[in-house]
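A short write-up of the structure that comes next.
The values are calculated or read from the model by the stated rules, or taken from the named source; none is laboratory data. Because the structure is a prediction, the values reported are computed rather than measured. Note that each Cβ is placed from the backbone with ideal geometry, even for glycine, and that neighbours are counted across all protein chains shown.
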């Protein structure tokens, strides 16, 4: 009986679709290459996508200056020793080799909740803030809707929005990279689900003053919208300490705040981030985030114990690091502004600078970056990867390298520009 059904199934498969033929009947036939799902065309990450070309340039023997990725540990920065010690201790404790609770280590959630001024059930530990952003967008965004993004923005936001069939919508920034509130107001409609604030900003290094954040929060309140506050660089500020968005927005505005271990504690490889929910009307988001956490099992438990050490005490490692970063920022900004055909604002936080190419033969910033890389070995990121709608030719560099390397790279950039503008 089973044999008869099997024969019938094969006969039907032959009639309907040759891909179901048994392997012996497919002998000698050629099969087409597997093709990825159409959604993969929506995935792009220009910060890392440029590395393939950079490796080709490197293979020609040109010394490279890797100024494209904000990874402090590729230079002379390291996590605080008390953080790494906590991880080593956890590695020696078999309890932490098990699956961690899906929403995060209870001690870590409690510590973060205390720091944030909320209940532990409103804290979700994620695999870096990257996963937290995926979770937030997945919870909020229906196909055809949009979450307002700054222009320029961290490119991951644009990719996540496309992945969930969102309609990427950007609000403008002024010449000092401050949000344009009037333009933001024009972009809000019935399909708007939230407003993103990246403060301090990546890629520009801008810091938003209290008055700007209050204006955005008032606008969000007027339209009953939540704010997504990406504050992953909140301790790497060169001026006055940054006040978190939720403390300025007030108790009436829902804020989904993102932070983590990667930048403030110079530990991007740890992949420990978190979302903290502040304010009202987020009750239905909590179980949705719990389900998403459950679906991916857990975040590495040993690394979470390192995060616990990080968030349990004052960040005493930062003053010396900020002195080093400020000196490198000042050097790169000064050098860039003295190069013909280039101008830049001076970043107020993080470790990125976002210059503009004001003169030269290049049709766009991608052409400029590839020409620069092939001739000097300087690896930057085209500005269009952060802000596809902004006019002008911008590019992002990191200033994490030692002053000697920054000077060497700027010497090459200056010679390159003088040659192209001759």
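General observations
- The criterion of at least 2 residues that are touching a residue at least 12 places away in the same chain (Cβ under 8 Å) and more than 18 Å from residue 133 (Cα to Cα) is met, among helices (runs of 4 or more DSSP H) falling completely within region 282-345, by 301-311, 318-337.
- When region 346-381 is limited to residues that are free of Cβ contacts under 8 Å to residues at least 60 places away in the same chain and in a helix (DSSP H, G or I), the one that is nearest to residue 77 (Cα to Cα) turns out to be 372.
- Some residue of region 269-278 being in a loop (DSSP other than H, G, I, E, B) and modelled with pLDDT of 95 or more: yes
- Of 259, 189, 264, all but one fail to be buried (at least 19 other Cβ atoms within 10 Å of the Cβ) and part of a loop (DSSP other than H, G, I, E, B); the exception is 264.
- Qualifying positions in region 188-208 - farther than 18 Å from residue 130 by Cα and in contact (Cβ under 8 Å) with a residue 40 or more places away in the chain: 188, 191, 192, 193, 204, 205, 206, 207
- Within the option set 193, 271, being within 27 Å of residue 114 (Cβ to Cβ) and touching a helix residue (DSSP H, G or I) at 6+ places or on another chain (Cβ under 6 Å) holds for one residue only, 271.
- Residue in region 247-256 that is surrounded by the fewest Cβ atoms within 10 Å (Cβ to Cβ), counting only those that are in contact with a strand residue (DSSP E or B) (Cβ under 9 Å, 6 or more places away or on another chain) and assigned to a loop (DSSP other than H, G, I, E, B): 251
- Filter result (assigned to a loop (DSSP other than H, G, I, E, B) and over 20 Å from residue 137 (Cβ atoms)) within region 204-231: 204, 205, 206, 207, 208, 209
- Single residue of region 119-136 satisfying the filter (outside any helix (DSSP H, G or I) and closer than 23 Å to residue 271 by Cβ) that is farthest from the chain's Cα centre (by Cα): 123
- When region 384-417 is filtered for residues that are under 17 Å from the mean Cα position of the chain (by Cα) and either outside the structural domain of residue 346 (by TED's automatic domain parsing) or farther than 30 Å from residue 78 by Cβ (or both), the ones remaining, listed by number, are 384, 387, 388.
- Being within 17 Å of the chain's Cα centre (by Cα), in a loop (DSSP other than H, G, I, E, B) and either assigned by TED's automatic domain parsing to the domain that holds residue 205 or surrounded by fewer than 22 Cβ atoms within 10 Å (Cβ to Cβ) (or both) is a property that residue 153 has.
- In region 14-39, residue modelled with the highest pLDDT [restricted to those that are surrounded by fewer than 11 Cβ atoms within 10 Å (Cβ to Cβ) and in a helix (DSSP H, G or I)]: 38
Every residue, every condition in (1) touching a strand residue (DSSP E or B) at 6+ places or on another chain (Cβ under 6 Å); (2) buried (at least 18 other Cβ atoms within 10 Å of the Cβ), yes or no:
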residue: 235; (1), (2): no, yes
residue: 241; (1), (2): no, no
residue: 245; (1), (2): yes, yes
residue: 270; (1), (2): no, yes
residue: 282; (1), (2): no, no
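- Checking residue 139 against (1) in contact with a strand residue (DSSP E or B) (Cβ under 7 Å, 6 or more places away or on another chain); (2) surrounded by 18 or more Cβ atoms within 10 Å (Cβ to Cβ); (3) farther than 24 Å from residue 265 by Cα; (4) at pLDDT 95 or above, the condition it does not meet: (1)
- Checking residue 42 against (1) modelled with pLDDT under 75; (2) exposed (fewer than 10 other Cβ atoms within 10 Å of the Cβ); (3) closer than 30 Å to residue 271 by Cβ, the condition it does not meet: (2)
- Residues in region 59-116 that are within 28 Å of residue 413 (Cα to Cα), over 21 Å from the mean Cα position of the chain (by Cα) and assigned to a loop (DSSP other than H, G, I, E, B): 59, 60, 61, 62, 63, 64, 76.
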